[in-house]
1. Does Gly113 satisfy the criteria of being open to solvent by 10 Å² or more (accessible area, probe 1.4 Å) and more than 15 Å from the chain's Cα centre (by Cα)?
2. Name, by its number, the condition in (1) closer than 26 Å to Leu173 by Cβ; (2) in contact (Cβ under 8 Å) with a residue 12 or more places away in the chain; (3) of a type in the set (A, V, I, L, M, F, W, C) that does not hold for Phe287.
3. From the list Ile9, Ile87, Ile75, Ile44, which one is at pLDDT 90 or above and open to solvent by 70 Å² or more (accessible area, probe 1.4 Å)?
4. Of all residues in segment 136-188, count the ones that are in contact with a Leu (Cβ under 6 Å, 6 or more places away or on another chain) and either part of a helix (DSSP H, G or I) or of a type in the set (Lys, Arg) (or both).
5. Which pairs turn up if I take residues in segment 84-108 that are part of a helix (DSSP H, G or I) and look for partners that are open to solvent by less than 20 Å² (accessible area, probe 1.4 Å) and at pLDDT below 95 with beta carbon separation below 9 Å, at least 6 apart in sequence or on another chain?
6. Give just the number: which of (1) within 22 Å of Val306 (Cβ to Cβ); (2) open to solvent by 40 Å² or more (accessible area, probe 1.4 Å); (3) in contact (Cβ under 8 Å) with a residue 12 or more places away in the chain does Met147 not satisfy?
7. How do the pairs read when you match residues in segment 180-204 that are under 15 Å from Pro91 (Cβ atoms) with residues anywhere that are hydroxyl-bearing (Ser, Thr, Tyr) and in a helix (DSSP H, G or I), using Cβ under 8 Å and keeping only pairs 6 or more apart or on different chains?
8. Note down all Cβ pairs under 9 Å where the first residue falls in segment 231-258 and is at positive phi, the second is in a helix (DSSP H, G or I), and they're at least six residues apart or on different chains.
Amino acid sequence: MAIDSHLKISGSRRFTAVMAVTAVMLTGFFFTFAKRDAIVFFVIALAMGLTLYHASYSFSAAYRKFFIHRQVSGIDSHLLLVALTTILFAPVLSQGVAFGAPVTGAIAPAGVGMAFGAFLFGIGMQLGGACASGSLYTAGSGNPRMMIVLVFFCAGAFWGSLDLNWWQSLPSLPALSLAGTVGWELAVPIQLAVLGLLYFALQKYRTQEKESLSNESVRTGPCWTVLLKGPWPLIWAAISLAVLNWLTLVTAGHPWSITWGFTLWGAKVATFLGWDPATSVFWADGFASGALHQSVWHDTTSVMNVGIMIGATAAMLISRKRSAKWDRRLGPLIAAIVGGLMLGYGARLAYGCNIGAFISGAGSTSLHGWVWILCAFPGNWVGTRVRQYFQLN
């Protein structure tokens, strides 16, 4: 369980030291040469990385615990995160501007290809041991296996971009949102009511063991010490990530996303190896072509992805925890490769991951955000069942 194991003590101090030195060098380089706007995104992402690490904020482990142990606190925190995101997004998206600049929600079509991509992503979450945000912060905290997942996540996302045109030709609904249909005045209470019903339904299913979003049992010192060194209660993480997502929306003009950066990184490597972007409908022109011909430091998502990793590295060093133990068995290694490819390919087809499609999408009241979780959830169930064949506990 890669996303659950980053707190375990291991002997990989050398790898941790390399991660720390790399983080310091990248941060210094960035603050020296980056533009002012990019520095803002980078700082927001540092806070995201610290939040994710200190709370061990998980999607893949939360779903696994739900299926195996009937523990629902992780999913409860996801519902809270969507609710807070919706409330914070509503005033900004209803106006369409923030501080004089245009803003737009995460709204995309919901179709056959998108649904299959979300299902595939769900399986990949369990084989890879993390989601998109989880792969970033666990890799940043020095998890060697997650580095492998991340590499193949990028490869899978690039692969998906090459096939995306065919998947988009399959039956699909146009980009729809509840707010666009009934207005934000009705969309917000309707969505909050649905989230509330889901929350109470989960409580009927949960195990009798005590669970709480506040996780008071993890707090072992003064509040400021816990804030700085962790571990954080899940409710802190949900509030922090919702606020940081809102900051991303009002500064970048769009909500928090992750997997576009992985797609771009994969394409950059492919171009270096001799691939011709003109052979791809996706990369031949438009936004994708422009991003491919610019530095990754001009891409907001790429900047934030790096910032999240460095934020997690800093959180690990502050908390004085060691990186995860590297499981060198063949089964987990194959699972990391296959899971990474599924995560990347699925995310590209589904117009995003657990963050860009689900949290930011549902927070924007997009239909595709809800379709995403409805398809990714059974994918996680399948992934949970096949983990044993890869020697994953």
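1. On the way: open to solvent by 10 Å² or more (accessible area, probe 1.4 Å): no; more than 15 Å from the chain's Cα centre (by Cα): yes.
It is false that Gly113 is open to solvent by 10 Å² or more (accessible area, probe 1.4 Å) and more than 15 Å from the chain's Cα centre (by Cα).
2. Among (1) closer than 26 Å to Leu173 by Cβ; (2) in contact (Cβ under 8 Å) with a residue 12 or more places away in the chain; (3) of a type in the set (A, V, I, L, M, F, W, C), Phe287 violates only (2).
3. Working: Ile9 fails: at pLDDT 90 or above; Ile75 fails: open to solvent by 70 Å² or more (accessible area, probe 1.4 Å); Ile44 fails: open to solvent by 70 Å² or more (accessible area, probe 1.4 Å).
The unique qualifying residue is Ile87.
4. Of all residues in segment 136-188, those in contact with a Leu (Cβ under 6 Å, 6 or more places away or on another chain) come to 137, 139, 152-153, 156, 160, 167, 176, 187.
Subsequent filtering for residues that are either part of a helix (DSSP H, G or I) or of a type in the set (Lys, Arg) (or both) retains 137, 139, 152-153, 156, 160, 167, 187.
Final tally of qualifying residues: 8.
5. Val92/Ala98
6. Of the numbered conditions (1) within 22 Å of Val306 (Cβ to Cβ); (2) open to solvent by 40 Å² or more (accessible area, probe 1.4 Å); (3) in contact (Cβ under 8 Å) with a residue 12 or more places away in the chain, the odd one out for Met147 is (3).
7. Qualifying pairs under 8 Å: Trp184/Ser94; Ala187/Thr181; Val188/Thr86; Gln191/Thr86; Leu192/Thr86.
8. Filtered contacts from segment 231-258: Gly253/Thr300.
The values are calculated or read from the model by the stated rules, or taken from the named source; none is laboratory data. Everything numeric in this text was worked out from a predicted model, so none of it was measured. Reconstructed Cβ throughout: ideal geometry from the backbone, glycine too, with neighbour counts over all protein chains shown. Protein only, heavy atoms only, side chains kept; ligands, DNA and RNA dropped before computing areas. Shrake-Rupley method; radii C 1.70, N 1.55, O 1.52, S 1.80 Å.
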